[in-house]
Ligand SMILES: [Zn+2]
């Protein structure tokens, strides 16, 4: 897990040993790559999204240097990849689904998506069976390297919304960083250093959220789709009911009545909807029960330019919970 710092240590030791031996110029050559800092500070190249890549400028400018393209399946993986590639030249990150909202259950690949995947050197996906189309990717591109962000994470009831827990997001960051370092060894030190920076920010966020949420007297929440179990587990909240399991499934009249009964019975103080979904069912429940509706964001979509988006969304969620549950 914590390979972030170790490579530097080992590199130093190796360099010291080699220098001490003061022997082979051959050995010195091997040591040299370890000291090169791969992050040349022309970062702006990273920010530019696909457009520039297809511009065949008169002379095929830099022949040896091709862009390494990471394509991500889902927004949280995209934001993570942005952070991990920060300052590294010659790499770009493309979110396959652009700014499509929601968390893409039962998503069908469009011809455009396949075109995007065609440009990928590495495909990064959430895993936990969220990408039901994954077979189609591996069938069409059997040689495309994949990074499964949820590899090794223990799931609750096969729920794929792993990233909504800050701690599990950190596990995903580690998995993605390791995968990138493996796929692009020349920049591995930079990926791992970026991972360290981002993980520190996430750890600080988690502390902040604990400080805000831990003291709240009320722990029962009603959510709109099944996106929050990992978050609830992390911050010791109780999901008393889920209004609709997924965006397109309207609850039956009986289910609705049952939910309303439960809210009254448990004296639920707040219903949480998500910005990505229409909220009319939640509003019906709110009208029936008099319980206010708040917005809680599972970070399954957001701005493409903002590497801090996940941090900001989760911080905002903390503020909403404090409002709703105090
Ligand atoms: Zn979902």
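Would you check if there is a residue in region 138-157 being free of Cβ contacts under 8 Å to residues at least 24 places away in the same chain, closer than 13 Å to residue 70 by Cα and more than 18 Å from the chain's Cα centre (by Cα)? For region 138-157, residues free of Cβ contacts under 8 Å to residues at least 24 places away in the same chain, closer than 13 Å to residue 70 by Cα and more than 18 Å from the chain's Cα centre (by Cα): absent.
The single residue among 125, 107 that is in contact with a strand residue (DSSP E or B) (Cβ under 8 Å, 6 or more places away or on another chain), within 16 Å of the ligand (Cβ to nearest atom) and either over 20 Å from residue 304 (Cα atoms) or not assigned by TED's automatic domain parsing to the domain that holds residue 275 (or both) turns out to be 125. Restricting region 305-326 to residues that are out of contact with any helix residue (DSSP H, G or I) (no Cβ under 7 Å at 6 or more places or on another chain) and buried (at least 17 other Cβ atoms within 10 Å of the Cβ) leaves a set whose member that is farthest from residue 281 (Cα to Cα) is 313. Considering region 254-277, the residues that are within 16 Å of the ligand (Cβ to nearest atom) and assigned to a loop (DSSP other than H, G, I, E, B) include one that is farthest from residue 98 (Cα to Cα), namely 274. When 132, 73 are checked against the criterion of being farther than 20 Å from residue 303 by Cβ, within 16 Å of the ligand (Cβ to nearest atom) and in contact (Cβ under 8 Å) with a residue 12 or more places away in the chain, a single residue qualifies: 132. Of everything in region 294-316 that is part of a helix (DSSP H, G or I) and within 11 Å of the chain's Cα centre (by Cα), the residue that is farthest from the ligand (Cβ to nearest atom) is 311. Of the set (1) within 16 Å of the ligand (Cβ to nearest atom); (2) on the phi > 0 side of the Ramachandran plot, all apply to residue 87 but (1). Scanning region 279-292 finds no residues that are more than 21 Å from the chain's Cα centre (by Cα), part of a strand (DSSP E or B) and in the same structural domain as residue 241 (by TED's automatic domain parsing). Under the condition of being in a helix (DSSP H, G or I), in contact with a strand residue (DSSP E or B) (Cβ under 8 Å, 6 or more places away or on another chain) and in contact (Cβ under 8 Å) with a residue 24 or more places away in the chain, the residues counted in region 185-241 number 2.
In region 278-293, the qualifying residues are those that are buried (at least 20 other Cβ atoms within 10 Å of the Cβ) and within 16 Å of the ligand (Cβ to nearest atom), and the one that is farthest from residue 223 (Cα to Cα) is 281.
Hey, among the residues in region 210-228 that are within 18 Å of residue 314 (Cβ to Cβ) and buried (at least 20 other Cβ atoms within 10 Å of the Cβ), which one's farthest from the ligand (Cβ to nearest atom)? Checking each candidate, the answer is 221.
The values are calculated or read from the model by the stated rules, or taken from the named source; none is laboratory data. All values reported here derive from a predicted model rather than from experimental measurement. No Cβ is skipped: glycine too gets one built from the backbone with ideal geometry, and neighbour counts run over all protein chains shown.
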